[in-house]
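Here is the structure we will look at, set down as C-alpha cells.
The values are calculated or read from the model by the stated rules, or taken from the named source; none is laboratory data. It should be emphasised that the depicted structure is a prediction, and the values quoted were computed from it without experimental measurement. Note that we place each Cβ from the backbone using ideal geometry, even for glycine, and neighbour counts take in every protein chain shown.
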Amino acid sequence: MPKLPTSVPHTSRLDQTRRTSSSHSSDAMTLPARAVGNKAVSLSSIPKKPEKDPSKPLLKAQGFNEQAEVKPLTSNQLIEKIAEKTGIVKTHLLPLQQVARETQQIISFRPVDRMSTGLIEEGYPTKGFTIKGKSSNHGPQAGFICVDQNFSKLHVTLQNDRQNRQKQVEKYNMSVQDCLRKRDAVEVNLSLSPARLNWLASDQAIVVKKVHGNDDILKIFSAGFEYKAEKNGDKFDISCNGEPLKVLADPKTNQPLTADYDLMFIAPKAEHLDLAKDDNLPVKRVHFSDVSTMYKVRFKEKEGEDFTPKQFFAKEDETKGSFGQAIGNATPRITKNNQE
C-alpha cells in the first residue's frame, strides 16, 4: 500500500484566519473526537416499525370510536338514501338495479325534481321527448307542465331577470302550443287530491288558508301568485284570477303529465360494445354547428334545399321508447333494453 502524504492540504487565507481566531478565543469549546470504523451494523439492532392492524383505518375521523361496530347498510336503508339523493321512486330502484345487473351495464339518470317524485309514484304519466314545456316547482301546479309558462319554474329561476324571463316564457309557450297542435298532449283543468295539497303545504311549497272557515274553499299562496281551490267530489279544482289552471295531459288518458326520468347514459362492458348495431348513434355529431360548410353546400346541391337543424335531428326518430315515444339521440340499445 502506498504511503499517505503527511503534508497538510492547502487551506485558504480565510480558513486560516478562522482557525487562528478560534484557537485563541476564550469561549472556544473543544469537541471530543471519535473514531468511526467500518464495522457492519447488525439489522437486528435497527428498531422495527410497529405493525398495524390491517382491519383498522389509517386515518381516523375526529371523535372516532374504536369500539363502535360498523354495520353494512340493509337494502331498505340503501334504497332510502339513493331515493333521497336522486328523486327516483323507491319502488322503482330495485327493478332498475336488477336490469343493470342482468344486462351487466351501468344505467345513469339525472336527478328527478322532487316535486314530481310523488306524482310519478301515484301513477301520473310522464312527459315524452316531444313535450318541450317546462314543469313548475311552485304553487299547486308544482310537478306539472302548465299551458301558460308564466306558471312554470321560469317564474322562480328567472325572477331577477324579467326581460329574459319573458323571452323564455314566450319561447316555451310556442313549444307548448306546438305539441298541442300535434296532439302530443292535450290541456286539462288541474285538480288535486287533499293529500297532494297537504304534502305541498308541509313542504312549504304553498300556504293554504280557509275562506270563512269553509273547508271546501281554500286560498293558496305561492311565489307571488294567489290561487283558489274548490272542492269537487274527492278533489279540489284549482283556478287563478278566476280562470281554471290549465296543464298538459296525456292524450290517451287525460291524466296530467309530470316530469320524466331523464336518462343520462347506458354504459355496457367494453367487450359488449357494438358500434355497428346496438350502440350506433343515429346522429353522429354532437351539435348542428359541427356540420361543415362544405357538407351544407353539397346537401343543398343534391336536395335543392338548405341543410337545417330539422334535417340534422331527423334521424333521432329512429330511436323509440317502450311506448313508441322518440327519446332523442340515444343508441338502439335503449330500445332493446326497454323491450326486454
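In the stretch 186-245, which residues are over 22 Å from VAL156 (Cα atoms), in a loop (DSSP other than H, G, I, E, B) and out of contact with any strand residue (DSSP E or B) (no Cβ under 7 Å at 6 or more places or on another chain)? Selection gives HIS212, GLY213, GLY233, ASP234, GLY242. Consider ASN214 carefully, then state whether it is assigned by TED's automatic domain parsing to the domain that holds GLY123, out of contact with any Asp or Glu (no Cβ under 7 Å at 6 or more places or on another chain) and farther than 30 Å from ASP178 by Cβ. Against the criterion (assigned by TED's automatic domain parsing to the domain that holds GLY123, out of contact with any Asp or Glu (no Cβ under 7 Å at 6 or more places or on another chain) and farther than 30 Å from ASP178 by Cβ), ASN214 qualifies. The number of residues in the stretch 121-154 that are over 17 Å from VAL89 (Cα atoms) and part of a helix (DSSP H, G or I) comes to 4.
Assess whether CYS240 counts as being under 14 Å from GLY139 (Cα atoms) and out of contact with any Cys (no Cβ under 6 Å at 6 or more places or on another chain). Yes: the conditions hold for CYS240. Tallying residues that are surrounded by 13 or more Cβ atoms within 10 Å (Cβ to Cβ) and assigned to a helix (DSSP H, G or I) within the stretch 95-120 yields 12. Of all residues in the stretch 176-231, exactly one satisfies the criterion of being at pLDDT below 95 and among the β-branched types (Val, Ile, Thr), namely VAL211.
Which of the residues belonging to the stretch 64-81 are modelled with pLDDT of 70 or more and either more than 24 Å from LEU94 (Cα to Cα) or among the β-branched types (Val, Ile, Thr) (or both)?
First, the residues of the stretch 64-81 that are modelled with pLDDT of 70 or more: 71-81.
Answer for the stretch 64-81, where residues must be modelled with pLDDT of 70 or more and either more than 24 Å from LEU94 (Cα to Cα) or among the β-branched types (Val, Ile, Thr) (or both): THR74, ILE79.
Among GLN163, GLN168, GLN141, which is in the same structural domain as ASP237 (by TED's automatic domain parsing), at negative phi and surrounded by 18 or more Cβ atoms within 10 Å (Cβ to Cβ)? Result: GLN141 is the single residue among GLN163, GLN168, GLN141 that is in the same structural domain as ASP237 (by TED's automatic domain parsing), at negative phi and surrounded by 18 or more Cβ atoms within 10 Å (Cβ to Cβ).
When GLN159, GLN168, GLN163 are checked against the criterion of being assigned to a helix (DSSP H, G or I) and at pLDDT below 95, GLN163 stands alone in meeting it.
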